[in-house]
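Every number in this text was worked out from the coordinates using simple rules, so none of it is lab data. Just so we're clear, the structure is a prediction, and the values are computed from it rather than from any experiment. So basically every Cβ, Gly included, is an ideal-geometry build from the backbone, and we count neighbours across all protein chains shown.
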Amino acid sequence: MNRYILIFISVWLCVPVLAASAADTTRHRTLRAVEVMGVKQDAGVQASMSTVTQAGAGELRRLGVSSTKGLSEIAPNFFVPDYGSRMTSSIYVRGLGSRMDQPVVGLSVDGVPYLNKDSYDFDIDNIERMEVWRGAQSVLNGRNAMAGQINVYTRSPWSGPAVSAVAGYGRGNTARLGLTARKRLSETAATSLSAFMRRSDGFYTNEATGAKIDFEKQGSLRWKTSWRPHGHVSLVNTAAFSMLRQGGYPYQETATGTIARNDTCFYRRTTWSDGLTLSWAGRRIVATSLTSVQYLDDNMTLDQDFTTADLFTLTQRRREWGFTQDLFTRGTRGSYSWLGGVFGFYRPSRMDAPVDFKDQGIAQLIEDHRNEANPFYPIEWFTRRFTLGSDFRTANGGFALYHESRWTHGRWTIEGALRYDFEHASLDWHSQCTTGYRTMHVLPDGSREVYRENPIEINERGHMAQSFGELLPKLAVSYSLGSIGNIFANAAKGYKAGGYNLQMFSDVLQQKLMRLMGFGMAYDPDEVVSYKPETSWSYELGTHLSGARWTASATVFYIDTRDRQLTTFPAGTTTGRIMTNAARARSMGVELTGSWHPSESFVATASYGYTDATFLKYESAGISYRGKRLPYAPQHTLFVSAEWTVPFSIAGTEISAGADVRGAGPIYWDDANEVRQNFYATMGAHITVARDERWSLRLWGENITDTRYATFYFVSVGRAFLQQGRPWQAGVTLRLAFN
């Protein structure tokens, strides 16, 4: 079947270029207007009734942003901690977030929705703009957009210079190279090809080996083609390929303050995607089809005890496909506008996740527990190493119907929207283990003799399936204040999809093995492996204001969540994590943003977010956590920046200098709120010399105050670990452009 899929993809990719030879006299300016109309979530239309932070290419370059993590704190109450590896794509918005499995924020690049949050974190050059929508965005974006949506748009092949290049170097032997070439194939077609590479030695040292532990190498290719066969139809195809190889997981033990482990930790990822957008524009209606194919092949190997002890190593190898189809139309008629569509997806995946138990792991986690219970008949394992094997085949698929209507009467605008989302998820699992132990008899003189041989053979299979449907309404109203701005309010329902705790199977298997020896927990896979969707109701009241030299916005919000998905550690002698529906929570707060540019040479921006997110109902092991703050999400976020530009006497040349401050915290690391990271702030600065669009030279620094703070904290096998934030960095970036 894969052969036919590849043939289909190859033909699909070639269609835009083959069609470029067709003659047409329509100018490309009309094409770009149709491309904009083909966007479902148009910030220019909808931002007046919602909360969104936008950043264009110039601002992104000024701040050195090339990934979603770079937007952390810039958008208020939007926080993306940098820890672990690029597989760790935890995003927290308004107190909501998730460390594992389903995200609370959706991501799309050029309209292509990313189905797996493990591929959210990547660097990309040639960005035209990025948008961070906050609040429930589920009506248009469906599953996992209950707290917001991130939209990334790359530059059109019609705009910009024929060739542009970027090169940079910074601390940590960090280097980046990027090259983009654009070509107008005819009056009706244009294409662009971008290549990007980044490498770094890293900043953290493994004391056990003396080598850097967080090295990284990544590269990507992006091919974008735009074609308009005649006046009403446009076609845009974007294909992307990327590879990532990194160490990562620089967790230091708090008791020693050092990072030291004997086994290799790494994350490797290869991704491929292609999105085809076909739009037809009539007088009052635009119809769009957006089709995508995605592929993810990754491998996470982890020294899961994070020490020099020989306990156990986890490997998680996965291959996953994703297919999406979105058909929608939008139109206007007088004071009424509407958007409606149908969406479908299918996501099959295969994962191999063995856990390799080693000498000290067998002794401490199995033998010692068993021998404490029966010291007169202790056990000895056949070998000092064995594997708990788990193989999984999962398949998620679903469809959605959605509609949004908007009416304007005088100063009032009312919007009503509704989406029905249905999803089916299935899991086929296979767990196996071949090992065994000897039961020894302790003689009166203290010597031992073999009492019994106990071979163990586990070979189990199972199937699970669950379906869920959600009706997601939204209502919004706006009152215009004329040229100065508006006041708006909205209410919307959102949800996170349910799923399966695949990483829990190794613990289920481990406990089953222990039960064969007379101790351990009896886990039912049907109870501990699957979890239900999480739902929320989000309410906003805000205003957007602007003047000749300033803009400002303010929003207050309240979010009520049910069946809260929490990452917990199950009862028993286990080392894994589990996602469970365990709580009801609420989050409320305020967001403020503003900009001021009193002259053409100076601009200042600021944003502040406050979130009070607490449990309303949550009990674990007989302890109530009602009133405790939700972990991992900061209570405050802060961003302030200023930019001053001075032109030179040399035509077109100017120098600019800027500085920014980012802050976040406090952040609680546990449900009991006993451990936390206090509020911290880092400072960045840059000086840029540029001439028109031809070239620019940027000297930059990040965390130049060398602030020390933790980005993550956890406890494993009785030991506490944390990851420190990145130290100060500095570097230089050169950009060139040729027509």
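Compute the FRET efficiency between HIS369 and ARG448 as 1/(1 + (r/R0)^6), taking r as their Cβ-Cβ distance and R0 = 25 Å, and round to the nearest 0.05.
0.85
With everything on Cα atoms, drop me the angle between helix 28-37 and the longest principal axis of the chain, reported from 0 to 90° to the nearest 10.
50
How much mean residue ellipticity at 222 nm does the chain get from its helices, if each DSSP H run of length 4 or more adds -39500 (n - 2.57) and you divide by all residues, to the nearest 500 deg cm²/dmol?
Rounded to the nearest 500, the figure is -2500 deg cm²/dmol.
With point charges of +1 on the Cβ of Lys and Arg and -1 on the Cβ of Asp and Glu, referenced to the Cα centre of region 2-738, which listed residue (TYR713, ALA552, ALA395) lies farthest in the positive direction of the dipole?
The Cα lying farthest towards the positive end belongs to ALA552.
Roughly speaking, what is the stretch gain from HIS403 to LYS183, that is 0.36 nm per residue apart minus the C-alpha to C-alpha distance, in nm to one decimal?
That works out to 75.4 nm of additional length.
To the nearest 20 Debye, how big is the dipole of region 2-738 about its Cα centre, given +1 on the beta carbon of each Lys and Arg and -1 on that of each Asp and Glu?
Using only the charged Cβ atoms, the result is roughly 2240 debye.
Starting from 0.36 nm per residue, how many nanometres of slack lie between THR205 and VAL590 once their C-alpha separation is accounted for?
Full-extension gain reported as 134.6 nm.
Treating only the Cβ atoms of Lys and Arg (+1) and Asp and Glu (-1) as charged, compute the dipole magnitude of region 550-695 about its Cα centre; round to the nearest 20 debye.
Its charge dipole is roughly 680 debye.
Give the Rg (one decimal place) followed by the Dmax (whole number) of region 587-739, computed from C-alpha coordinates and expressed in Å.
21.4, 73
Taking the Cα centre of each part, how many Å lie between region 581-597 and region 169-190?
One Cα centre to the other: 37 Å.
Quick one: compute the contact order of the chain, relative version, from alpha carbon pairs under 8 angstrom and 6+ residues apart, as a percent.
This gives 11 percent for the chain.
Return the Rg/Rh ratio of region 297-409 with Cα-based radii and a Kirkwood Rh.
Ratio value, two decimals: 1.39.
Any chance you could give the angle, 0 to 90 degrees and rounded to 10, that helix 505-515 forms with the longest Cα principal axis of the chain?
10
Residue farthest toward the positive end of the dipole of the chain, with Cβ of Lys/Arg at +1 and Asp/Glu at -1: which of LEU302, THR383, SER478?
My answer, from the dipole projection, is SER478.
Using a Förster distance of 41 Å, how high is the FRET efficiency between LEU475 and THR439, based on the Cβ-Cβ distance and rounded to 0.05?
0.05
Which of the listed residues, ILE150, VAL139, ALA165, is farthest toward the dipole's positive end in region 102-188, when Lys, Arg count +1 and Asp, Glu count -1 at the beta-carbon?
The listed residue farthest towards the positive side: ALA165.
Tell me, what is the FRET efficiency for ARG171 and ALA651 to the nearest 0.05, using R0 = 51 angstrom and their Cβ-Cβ distance as r?
Computed FRET efficiency for ARG171 and ALA651 comes out at 0.90.
Using the count of nearby Cβ atoms within 10 Å as a rough guide to exposure, how do SER599, SER587 rank from fewest to most?
SER599, SER587
How do LEU60, LEU472 line up, fewest other C-beta atoms within 10 Å first?
Least crowded to most crowded, the residues run LEU60, LEU472.
If you take every residue apart from ARG268 with its C-beta less than 13 Å away from the C-beta of ARG268, what net charge results, scoring Lys and Arg +1 and Asp and Glu -1?
Counting the neighbours of ARG268, the net charge comes to +3.
What full-extension length gain, to one decimal in nm, is calculated for ILE484 and ARG319 as 0.36 nm per residue of separation minus the Cα-Cα distance?
54.2 nm
For TYR402, TYR680, which order do you get if you count the other beta carbons within 10 Å of each Cβ and list the fewest first?
TYR680, TYR402
Between ARG411 and SER601, what is the spin-label point distance in nm, taking each point 7 Å from the Cα along the Cα→C-beta axis?
4.0
Could you check the simple spin-label distance between THR383 and LEU221, using points 7 Å along Cα→Cβ, in nm with one decimal?
4.2
Taking only Cα atoms, what is the 0 to 90° angle, nearest 10, from helix 2-19's long axis to the longest principal axis of the chain?
Between helix and principal axis, roughly 20 degrees.
Return the distance in nm (one decimal) between the two label points of a simple spin-label model at ILE687 and SER467, each offset 7 Å from Cα along Cα→Cβ.
6.6
Pairs to check: LYS532/LYS628; LYS496/LYS532; LYS69/LYS183; LYS212/LYS358; LYS40/LYS532; LYS117/LYS532. Give those whose C-alpha atoms are more than 20 Å from each other in this structure.
Beyond 20 Å: LYS532/LYS628; LYS69/LYS183; LYS212/LYS358; LYS40/LYS532.
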